[in-house]
Amino acid sequence: MIKKKRWGKKYEDKRDWKQYNQKLIKRGEFYISPVFFNTWLDETKEMNIGKVGQPYLYPKSLIEFLAILHAKSFDYRALQGIVSSLSKKLGSFPVISFSQIRRRIKALDLRFAPKGENLIVGTDGSGIKVSNRGEWIRQKWAVRRGWVKVVIMGDTDGNIVDIRVGNEEIDENASGRGMVRKNKKHIEKFMGDGAYDAKKNFKLLHQSGIEPVIKIRKNASTKSRGCLPRKKEVINYMKKGYEKWAEEKNYGMRWPATEGIFSATKRIFGESVNSHKKRNMYHEAKLKFWAYQKLKDH
């Protein structure tokens with residue numbers, strides 16, 4: 001196989017390893033950070049204002065603490081055991097049952113929000129395995145298990161702006177346009193690979209006043225065919241060539257906005273879900289990215 005010569009500057013690792021090591025240590029503190037001890041009474045009091053029926057006994061901060069651990073693959077019964085252990089060793093408080101833990105985690109609001117204005121964002125999709133044994137089952141029994149498909153919009157600082165989760169047939173372009181419409185007030189530039197080279201995308205970005213930074217397909221036509229904004233981008237791309245275009249557009253910043261988020265989330269929280277019902281699979285997959293953003297905000 002002929003080895004392709006990499007264009008551009010040679011990669012130089014400028015990471016501050018002392019600072020990076022400290023960051024990893026802080027990550028451990030994040031996992032075991034029972035802030036609910038200090039906020040329990042105030043949280044439940046506020047949660048029960050106007051509440052009809054049985055009052056809430058467990059604060060949202062406790063559920064979020066357990067949800068992070070669940071994203072790390074702790075099952076619900078193990079989570080009850082963790083709460084029980086904390087109650088015995090750090091102060092007696094009511095222990096939530098595993099069934100209620102499951103119910104409260106599934107009810108968590110996992111929405112994301114843009115962090116700032118004039119953002120440069122990227123959109124891409126990736127698959128999450130339906131179980132750790134999925135590959136073995138496919139090969140051994142020749143059955144099709146499917147995937148959970150996650151489409152994210154991230155900014156160049158590695159923050160998740162928005163997310164869509166569905167089965168493997170989810171339309172990345174349609175999902176991307178939906179996220180653009182929802183967050184267009186916060187977006188200055190939109191980055192995408194060749195899969196996003198579509199007239200509908202260029203039209204929406206033009207109408208929203210967002211600069212497109214989308215890699216043009218090799219066989220792209222220079223005819224407008226009802227989309228003048230795309231025609232201009234195609235001509236500009238072909239005139240300059242990929243390398244010059246990518247350098248001018250700073251296209252490399254698409255990596256921390258998309259692949260970087262996928263890579264970090266799967267590395268930290270795993271690349272498979274354990275749930276069996278489709279709805280629960282989607283929620284569990286989304287929970288991993290929510291937990292990653294919580295970790296990043298910490």
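A few points about this structure:
- Within segment 275-287, no residue satisfies the criterion of being buried (at least 22 other Cβ atoms within 10 Å of the Cβ) and touching a Lys or Arg at 6+ places or on another chain (Cβ under 8 Å).
- Residues located in segment 236-262, provided they are surrounded by 14 or more Cβ atoms within 10 Å (Cβ to Cβ), in a helix (DSSP H, G or I) and under 25 Å from the mean Cα position of the chain (by Cα): Ala246, Lys249, Tyr251, Met253, Arg254, Trp255, Pro256, Ala257, Glu259, Gly260, Ile261, Phe262
- In segment 253-298, the residue that is modelled with the lowest pLDDT out of those that are over 14 Å from Ile128 (Cα atoms) and in contact with a helix residue (DSSP H, G or I) (Cβ under 7 Å, 6 or more places away or on another chain) is His298.
- Those helices (runs of 4 or more DSSP H) of segment 132-220 in which at least 1 residues are modelled with pLDDT of 95 or more, considering only elements entirely within it, cover 172-183, 199-207.
- First in segment 240-265 and farther than 9 Å from Gly122 by Cβ and in contact (Cβ under 8 Å) with a residue 60 or more places away in the chain, second anywhere and exposed (fewer than 14 other Cβ atoms within 10 Å of the Cβ) and of a type in the set (Phe, Trp, Tyr), Cβ under 8 Å, 6 or more apart: Glu243/Trp7
- Within segment 218-235, the set of residues being of a type in the set (D, E, K, R) and either more than 27 Å from Gly178 (Cβ to Cβ) or surrounded by fewer than 15 Cβ atoms within 10 Å (Cβ to Cβ) (or both) comprises Lys218, Lys223, Arg225.
- For segment 155-178, a residue qualifies if it is under 20 Å from Asp297 (Cβ atoms) and either aliphatic (A, V, I, L, M) or in contact with a strand residue (DSSP E or B) (Cβ under 7 Å, 6 or more places away or on another chain) (or both), and the qualifying residues are Asp155, Thr156, Ile160, Val161, Asp162, Ile163.
- Selection of segment 14-38 for residues being polar (S, T, N, Q) and surrounded by fewer than 10 Cβ atoms within 10 Å (Cβ to Cβ) yields only Gln19.
- Scan of segment 38-81 for residues that are in a loop (DSSP other than H, G, I, E, B) and touching a residue at least 24 places away in the same chain (Cβ under 8 Å), ordered by number: Leu57, Tyr58, Lys72, Ser73, Asp75
The values are calculated or read from the model by the stated rules, or taken from the named source; none is laboratory data. Computed from a predicted model, the values in this text were never measured in an experiment. No Cβ is skipped: glycine too gets one built from the backbone with ideal geometry, and neighbour counts run over all protein chains shown.
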